[in-house]
Amino acid sequence: MTHNTFFIDGEEISFLPGQTIMDAALTAEVYIPHLCHYPGLTPHGNCRLCSVEIGNKSVAACTTPAAAGQHISCNTPALNEARKSITQMLFIEGEHICPSCEKTGNCKLQAMGYYLGMQDEHYPQFYQRRAIDASHASILLDHGRCILCDLCVRASREVDGKNVFAIAGRGTDAHLIVNSSTGKLIDSNIEVSDLAVNICPVGAIMIKKQGYELPIGQRIYDQHTIDEIGLQENTAKIPNQDDH
Ligand code: SF4
Ligand code: FES
């Protein structure tokens, strides 16, 4: 064994100094379920879908540095059951009624449900009523579908060079806010081409007037599983401030 390798479910994985378990695993084409990780953005550890075990300790793969000789459990029935429960909780916490959502077929939360074999929501629905910000001519923000993954916050700050979004409050009071004088998208400097607009894993940030351009049945997760797309995203180059 060389110094810079560790093991996931018995498979030896090489890593570079400074890489997280998630980055090293995806680079080696080993999928670890995730919703709030995106290659190139600073990891934040929000969703806990990527929880893995090192010995009997549970850690988030997206924020934990890889270390030589680690033996990590990832794809186990117990961990996948815990991931399914997290996914079910995300479903009941917001307005995730897939047949009436324009994002259906392109939604990572829905795709994660398929991947983990989720048959129902298990928990009682919250039926939260949260605001929709339809102020912008081209971009819709539906707070009821936000899973607080923080991806739009990081994408806006780290790639778009703006600071359009933030998460305010804590625990059950946590909510996404728009940094503008009125708190509305129309008064922010957001643009349709921003990564922040295109990175939302669910139907919370959507570009208007194109929801049904691609028919249901031909969408990303109608054709591919989330692990396939997760590995593809990792190899695709995304714009980075270092490139400017
Ligand atoms: Fe994540 Fe979308 Fe909510 Fe932003 S709006 S925090 S990208 S779910
Ligand atoms: Fe690691 Fe969300 S992907 S906590």
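Every read-out reported here was derived from the displayed coordinates using simple, explicitly stated rules and does not represent laboratory data. Not measured: the values here are computed from a predicted model. No Cβ is skipped: glycine too gets one built from the backbone with ideal geometry, and neighbour counts run over all protein chains shown.
Quick notes on this structure:
- In region 142-156, the residues that are closer than 17 Å to residue 38 by Cα form Cβ pairs under 6 Å with partners that are charged (D, E, K, R) and surrounded by fewer than 23 Cβ atoms within 10 Å (Cβ to Cβ), at six or more places apart or across chains, as follows: 156/162.
- Check on residue 73, more than 7 Å from ligand 2 (Cβ to nearest atom) and in contact with an Asp or Glu (Cβ under 6 Å, 6 or more places away or on another chain): yes
- Residue in region 3-10 that is crowded, with 17+ Cβ neighbours inside 10 Å and on the phi > 0 side of the Ramachandran plot present: no
- Failed condition for residue 150, given (1) within 16 Å of ligand 2 (Cβ to nearest atom); (2) in contact with a helix residue (DSSP H, G or I) (Cβ under 9 Å, 6 or more places away or on another chain): (2)
- The single condition among (1) away from ligand 2 (no atom under 14 Å from the Cβ); (2) crowded, with 16+ Cβ neighbours inside 10 Å; (3) in a helix (DSSP H, G or I) that residue 23 does not satisfy is (1).
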